[in-house]
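The values are calculated or read from the model by the stated rules, or taken from the named source; none is laboratory data. All values derive from a computational prediction rather than experimental measurement. When we count neighbours, we look across all protein chains shown, and the Cβ atoms used for this are built from the backbone with ideal geometry, even at glycine.
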Amino acid sequence: MSQDVYVIGVDYGSDSVRSVIVNALDGAEIAASVFEYPRWKKGLYCDPAANRFRQHPLDYIEGLEATVKACIEKAGPDVAQRIRGLSIDTTGSTPVAVNNQGVPLALTPAFSENPNAMFVLWKDHTSIKEADEINQHARRFDVNYLQYVGGIYSSEWFWAKLLHVFREDEQVRAATASWVEHCDWIPFLLTGGNDVKKIKRGVCAAGHKGLWAAAFNGFPPNDFFAALDPLLDGFTSKLPNETYAADQPAGTISNEWADRLGLNTDVVIGIGAFDAHMGAVGGQIEPYFLSKVMGTSTCDMLVAPVNEVGDKLVRGICGQVPGSVIPGMMGLEAGQSAFGDIYAWFKNLLSWPLQFLENEAQREAVESKIIKELSEAAARLPLHDEDELAIDWLNGRRTPDASQLLKGAISGLNLGSDAPAIFKALVEASCFGARAIVDRFNSEGIPVKGLIGVGGVARKAPYVMQVMADVMNMPIKIHRSEQTCATGAAMFAATAAGIYATVEDAMKAMGQGFDAEYHPQPENVAYYERRMKKYEAFGKFVEASL
């Protein structure tokens with residue numbers, strides 16, 4: 001290529017959407033923009049006490065338009081004319097009920113304020129009962145339909161959420177033509193789709209959260225779901241058997257969206273995938289390296305050649321799906337339901353009295369320093385075996401062995417326990433939870449040979465990353481990119497648009513490399529080994545106490 005060409009990556013996170021324009025020749029970021037979801041920010045349609053977290057599709061649409069247009073304005077018309085592809089990633093499983101035209105029900109007048117007609121965010125745990133029923137039900141079948149999702153179905157996933165909404169809301173159930181993941185719906189929207197039957201489903205979402213598998217010739221049979229609950233009878237007929245890897249095009253941008261965004265109509269729209277999967281590519285994942293996308297939660301991705309994985313099935317993870325990260329490779333997913341959210345919870349706990357300050361600027365100034373000061377103070381604390389000990393399940397446990405019924409806990413408190421000591425325990429707990437994932441991969445015959453850190457926590461929390469290296473007794477290298485997921489989406493856009501033949505070629509050309517590496521401190525490793533054993537024993541006690 002003798003002339004610069006550009007692609008757009010769009011990353012839908014839990015709190016905001018961010019878009020980047022990237023030079024496809026070398027990966028240089030040309031422009032970036034972030035949009036916070038206004039309805040979500042106000043807490044609309046959510047009930048944290050009931051574990052209900054819903055997002056209105058208008059937040060997604062407005063964010064897409066605002067960020068892409070802002071990027072194009074920054075980049076200029078010359079760049080806009082040479083944009084060849086656009087791909088998106090989203091949180092997941094974050095599905096929504098749609099009508100026959102593929103329109104989310106919340107975008108229709110009858111359901112515009114109904115949370116059950118909105119996207120059910122990944123962290124929504126209202127379907128714990130339904131997930132447990134799926135797990136119990138699956139044991140009755142000769143075929144193990146949960147074998148490719150670690151053997152345990154989660155309330156964070158596709159079918160549990162669908163069943164919960166159908167049971168709770170008869171009107172939504174009657175109006176539902178299909179149930180669609182966020183990462184599949186946005187490409188459908190951008191390509192001007194108006195027939196629900198023509199939505200192209202990505203193998204990433206379908207395989208990791210929807211029980212789709214080539215071995216089943218698609219989704220599990222209707223008998224499996226009809227026997228679970230008659231409300232699901234016939235629903236698999238509303239889903240396609242074919243799925244697509246994210247290096248494939250979903251189509252070209254529609255005239256309407258080309259006009260709305262200021263793009264040419266020949267821009268290729270790629271198949272969508274989950275944020276951590278594209279983030280792993282943006283972070284230049286390597287075989288047998290665990291790519292840890294660390295934000296509000298974590299999603300840990302590992303890729304390995306399909307022939308080397310063979311018939312190994314890793315218990316208690318979020319699935320193993322060929323092609324879900326890199327086509328031709330097995331993609332294995334794990335993660336923690338809360339990571340940065342744990343630190344945010346503690347910050348909010350400590351800052352509660354600040355709401356009574358009339359000076360808003362003063363309040364924000366203090367709040368902005370809490371985590372930094374806690375981290376520095378915790379790092380100075382001496383390490384004792386009797387230190388406060390915590391369990392990181394404040395939002396349930398994603399892996400290993402999903403259970404959203406579990407709760408966090410802290411032990412060893414006394415009158416000398418102060419905020420830095422408790423913060424230290426919470427950070428250690430989040431790292432012990434990460435270590436449990438690595439231990440599970442290793443014990444199941446999938447060796448973890450290295451760690452890659454991407455995301456906001458990885459780049460902005462040196463104390464956390466040092467504890468992570470010490471707990472893992474393994475170096476962790478931190479990717480340079482500030483927007484790894486969006487950059488990964490851009491790499492997939494470049495591949496879907498035909499600029500590169502493979503995702504690996506795009507990674508090699510567009511990757512920005514690493515700018516930090518944390519090494520375990522030998523004097524701390526033995527301490528954390530002992531503490532890990534205490535964490536495991538404490539966790540068993542908490543779990544047995546349910």
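Under the condition of being of a type in the set (Lys, Arg) and at pLDDT 95 or above, which residue from region 461-513 is nearest to Ala246 (Cα to Cα)? Looking at residues that are of a type in the set (Lys, Arg) and at pLDDT 95 or above, I get Lys508.
If you filter region 339-377 down to residues that are among the aromatic types (Phe, Trp, Tyr) and in contact (Cβ under 8 Å) with a residue 60 or more places away in the chain, you find that the one that is farthest from Met294 (Cα to Cα) is Phe346. The single condition among (1) over 18 Å from Met468 (Cα atoms); (2) of a type outside the set (D, E, K, R); (3) part of a strand (DSSP E or B) that Asn414 does not meet is (3). In the set (1) in contact with a helix residue (DSSP H, G or I) (Cβ under 8 Å, 6 or more places away or on another chain); (2) surrounded by fewer than 17 Cβ atoms within 10 Å (Cβ to Cβ), the condition left unmet by Ala246 is number (2). Within region 472-491, residues that are at negative phi sit with their Cβ atoms under 6 Å from residues that are among the hydroxyl-bearing types (Ser, Thr, Tyr) and in a loop (DSSP other than H, G, I, E, B), at 6+ positions apart or across chains, in these pairs: Thr487/Ser481. Residue check: Phe35 meets all listed conditions (1) closer than 30 Å to Glu168 by Cα; (2) of a type in the set (Phe, Trp, Tyr); (3) in contact with a Gly (Cβ under 9 Å, 6 or more places away or on another chain) but one, namely (1). If you check Ala215, Ala250 for being part of a strand (DSSP E or B) and closer than 30 Å to Leu302 by Cβ, only one passes: Ala250. In region 224-237, the residues that are assigned to a helix (DSSP H, G or I) reach residues that are hydroxyl-bearing (Ser, Thr, Tyr) with C-beta atoms within less than 8 angstrom, at least six apart or across chains, in these pairs: Phe224/Tyr145; Phe225/Thr236. Taken over region 353-386, the criterion of being touching a helix residue (DSSP H, G or I) at 6+ places or on another chain (Cβ under 7 Å) and of a type in the set (D, E, K, R) is satisfied by Arg363, Glu367, Asp385.
If I filter region 259-279 down to residues being hydrophobic (A, V, I, L, M, F, W, C) and touching an Asp or Glu at 6+ places or on another chain (Cβ under 9 Å), which single residue comes out as farthest from Phe339 (Cα to Cα)? Steps first, please.
First, pick out the residues of region 259-279 that are hydrophobic (A, V, I, L, M, F, W, C): 261, 263, 267-269, 271, 273-274, 276, 278.
Subset that is touching an Asp or Glu at 6+ places or on another chain (Cβ under 9 Å): 261, 271, 273-274, 276, 278.
Values: Leu261: 35, Ile271: 28, Ala273: 22, Phe274: 18, Ala276: 14, Met278: 19 Å.
Here the residue is Leu261.
Looking across region 1-33, the residues that are within 20 Å of the chain's Cα centre (by Cα) and either more than 25 Å from His182 (Cβ to Cβ) or of a type in the set (A, V, I, L, M) (or both) come down to Ile8, Val10, Val17, Val20. Of the residues examined, Ile72 is one that is hydrophobic (A, V, I, L, M, F, W, C), more than 18 Å from the chain's Cα centre (by Cα) and within 19 Å of Arg18 (Cα to Cα).
Every residue, every condition in (1) of a type outside the set (Gly, Ala, Ser); (2) more than 21 Å from Gly102 (Cβ to Cβ); (3) crowded, with 21+ Cβ neighbours inside 10 Å, yes or no:
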{"position": "Pro38", "(1), (2), (3)": "yes, yes, no"}
{"position": "Lys42", "(1), (2), (3)": "yes, yes, no"}
{"position": "Pro48", "(1), (2), (3)": "yes, yes, no"}
{"position": "Phe53", "(1), (2), (3)": "yes, yes, yes"}
{"position": "Ile61", "(1), (2), (3)": "yes, no, no"}
{"position": "Leu64", "(1), (2), (3)": "yes, no, yes"}
{"position": "Cys71", "(1), (2), (3)": "yes, yes, yes"}
{"position": "Lys74", "(1), (2), (3)": "yes, yes, no"}
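Taking the criterion of being in contact (Cβ under 8 Å) with a residue 24 or more places away in the chain and within 21 Å of Ile21 (Cα to Cα), the residues of region 507-527 that qualify are Met507, Ala509, Met510, Gly511, Gln512, Gly513, Phe514.
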